[in-house]
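*Asks:* Dropping the structure in here first, questions after.
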Amino acid sequence: MSETKISIRNLYKIFGRNPASMVDRVRGGLSKPDLLDQHNHVLGLEDINLDIPASGVQVIMGLSGSGKSTLIRHINRLIEPTAGEIFIDGENVLAMKPEKLRDFRRFKASMVFQKFALLPHRTVIQNVLYGVQIQGVDEKQALDRAQRWLERVGLKGFELHYPAQLSGGMQQRVGLARALATDAEILLMDEAFSALDPLIRTDMQDVLLDLQDELHKTIVFITHDLDEALRIGENIAILRDGRMIQSGSGQDIILKPADAYVTDFIQDINRARVLQVGSVMDKDPSSATGPEIESTTAMEEALQVLAKSKAQSAIVVRRGKQVGSISLDQMIAAIARPKQGAAPEQRYR
C-alpha cells in the first residue's frame, strides 16, 4: 500500500465576518442553510478527513457548490482554513512561515487551472518557462525543460505562438506543460479539462494518464464529471454541501453507494464499461471453469469473451494466478441498473 502523501484532518472552511465563532455551531449540527439564514455565514467545508496516497490520482468530485474547488485550494494555502490541519509528507502546511510556503508552492506543488491562466502577452514557451524561472533555474536548463515538456504534450512547433492563437485544448496543454516543467511532486488540477469539448477532453485525459504512467506524480484532480472521475481516478471522494459523502475506489462507489445522493450520481453510468470482473467475482477459485479472464477486465469485454467461447463461467486470474471465478449470471446482475428509490427531494432530506 502506498504511503500517505497528503493528509487532511478535521478541515472546516466558513466564509463570513466571524467564521471562527461559527465552527462550534456547525459541529453542533447547524446546517448549511441555517448557518446562512441565521448567521449570514457560508459553510464551504465541513469536517473533511482524507488521506491521499503518494504517486496516485485522487479525484474530488461533486456538483457546483459542493466545496471541491475550495478544498483543493487549501492544499497549497490559496485559501486559509477556519479549522483543521493539512500535512504534506508529515509536515503541517498551515504552520509554514511565508518563505517556506513560497518554496512549497514553487517546488513541491504545481497547479493547473480550469481557465488555463496563461499570460496572454507571453508566447507559449515563455508561459512554460514562467514557473521554472521563478524557481531560479539556470536559463539554459530552464529552456531545455520547457522545450522538453512542450514536446511531451504535443506542442512542438508552437513555441512562439501566443495563447490567443491556440485552441482551448492546446492552451490547456500549455498549462499542463507549465506545471510539469517545475518538476513538482504534487499536481493540483482544478476542473482542468471541464472547459474543453468532449473529444478534446478525452484526448487530454489520455495525455495525463500516459504521463502519469511514467512520472508517478501525486495528482489531486477536481471534476464534476463522474465518467472522467472513473476513468482517471484511483480513488474518488464525493462532496455535497461541503461534506464528504463517500470516498473509495470507483468500483466501491458503483457497487456500494453510500446514500441516495451518490446513487443518483452513478445512475446513468455504463456499468458494463466501468465495473471490473475482480470486483464481483466469487473469490473461491476451486470450482472455476471456462476461459481465463484478468481480474481488471471490464464486464463489457468479459461478456464478449464468454460469448465467443460459448461458456457460462470464467476463471478469474491476477498476474497469471487463479483468484476466483465468475458466472454469466453474476456479470448480468452486476451491470443491471439498480432500481431508484424515493424521489430525490425525499431521499436527500
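Laboratory data are not the source of any read-out in this text; all were calculated from the coordinates shown. Quantities reported herein were computed from a predicted structural model and do not represent experimental measurements. When we count neighbours, we look across all protein chains shown, and the Cβ atoms used for this are built from the backbone with ideal geometry, even at glycine.
*Asks:* For the chain, what relative contact order do you get, as a whole percent, if you take Cα pairs closer than 8 Å and at least 6 residues apart? Mind showing how you got there, number by number?
*Replies:* Working: 636 pairs, mean separation 59.0, N = 349.
Answer for the chain is 17 percent.
*Asks:* Separate question: What FRET efficiency, computed as 1/(1 + (r/R0)^6) with R0 = 51 Å and r the Cβ-Cβ distance, is obtained for residue 301 and residue 80, rounded to the nearest 0.05?
*Replies:* On the way: r = 47 Å, r/R0 = 0.93.
E(calc), rounded to 0.05, equals 0.60.
*Asks:* Taking a temperature of 20 °C and a viscosity of 1.002 mPa s, what whole-number D in µm²/s does Stokes-Einstein yield for region 66-183 with Rh from Kirkwood over alpha carbon pairs?
*Replies:* Approximately 139 µm²/s, per Stokes-Einstein.
*Asks:* Within region 271-335, what percent of beta bridges assigned by DSSP are antiparallel, to the nearest 5? Please report the intermediate quantities before stating the final value.
*Replies:* On the way: 8 of 11 bridges.
Roughly 75 percent of the DSSP beta bridges within region 271-335 come out antiparallel.
*Asks:* Within the chain, which DSSP H helices have Cα atoms that stretch 24 Å or more along the helix axis and a mean Kyte-Doolittle hydropathy of at least -0.5? Present the calculation step by step, with values, prior to reporting the outcome.
*Replies:* Working: long enough: 198-215 (25 Å, -0.09).
Once both thresholds are applied, what remains is 198-215.
*Asks:* Right, next: Using Cα pairs under 8 angstrom and six or more residues apart, how large is the relative contact order of region 1-47, in percent?
*Replies:* 49 percent
*Asks:* Considering every pair of different Cα atoms, what Kirkwood radius, in Å, is found for the chain?
*Replies:* One decimal place: 22.4 Å for the Kirkwood radius.
*Asks:* List the lysines whose alpha-carbon lies under 21 Å from that of residue 100, not counting same-chain residues fewer than 8 positions away?
*Replies:* Cross-link targets: 5, 108.
*Asks:* Would you grab the residues whose amide H sits under 5 Å from the one on residue 313? Only those 5+ places off in sequence or on another chain, please, with H modelled 1.01 Å from N.
*Replies:* Counting only residues 5 or more places away or on other chains, the set is 328.
*Asks:* Expressed as a whole percent, how much of the Cα-Cα distance distribution for region 271-335 exceeds 13 Å? Could the numbers behind the result be given before it?
*Replies:* Values: 1089 of 2080 pairs.
So the portion of pairs separated by more than 13 Å is 52 percent.
*Asks:* For residue 294, list long-range residues whose amide hydrogen, built 1.01 Å from N in the peptide plane, is under 5 Å from its own amide hydrogen.
*Replies:* Here the answer is 317, since their amide H atoms fall under 5 Å of that of residue 294.
*Asks:* Then there's this: Report the label-to-label distance for residue 38 and residue 20 in nanometres (one decimal), using points 7 Å from each Cα along the Cα→Cβ vector.
*Replies:* Reported label-point gap for residue 38 and residue 20 is 2.2 nm.
*Asks:* I need the fraction of alpha carbon pairs in region 181-266 separated by more than 22 Å, rounded to a whole percent. It would help to have the intermediate numbers written out before the result.
*Replies:* On the way: 1132 of 3655 pairs.
It works out to 31 percent of all Cα pairs.
*Asks:* Next question, about the same structure. Rounded to the nearest 5, what % of DSSP beta bridges with both residues in the chain are antiparallel? Provide the component values of the computation, followed by the final result.
*Replies:* On the way: 28 of 49 bridges.
Bridges in the chain that DSSP calls antiparallel: roughly 55 percent.
*Asks:* Okay, next question. In whole angstrom, note down how far apart the Cα centers of region 30-83 and region 156-223 are.
*Replies:* Each part's Cα centre sits 24 Å from the other's.
*Asks:* Something else about it: Can you pull the one-decimal nm distance between simple spin-label points at residue 117 and residue 10, each 7 Å off the Cα toward Cβ?
*Replies:* About 3.0 nm separates the two model spin labels.
*Asks:* For region 99-114, what does the Karplus curve 6.51 cos²θ - 1.76 cosθ + 1.60, with θ = phi - 60°, yield as ³J(HN,Hα) per residue in whole Hz, taken in order and with x for Gly and Pro?
*Replies:* Computed from phi, the couplings for region 99-114 are 5, 5, 5, 4, 5, 4, 6, 6, 10, 10, 9, 10, 10, 10, 9, 5 Hz.
*Asks:* Let me ask something else. In the chain, if the dipole is taken from +1 on Lys/Arg beta carbons and -1 on Asp/Glu beta carbons about the Cα centre, which of 82, 194, 142 is farthest to the positive end?
*Replies:* 82
*Asks:* Quick one: length gained pulling residue 164 to residue 209 fully straight, 0.36 nm per residue minus the C-alpha distance?
*Replies:* On the way: separation 45, 0.36 × 45 = 16.20 nm, distance 2.67 nm.
So the chain would gain 13.5 nm between residue 164 and residue 209.
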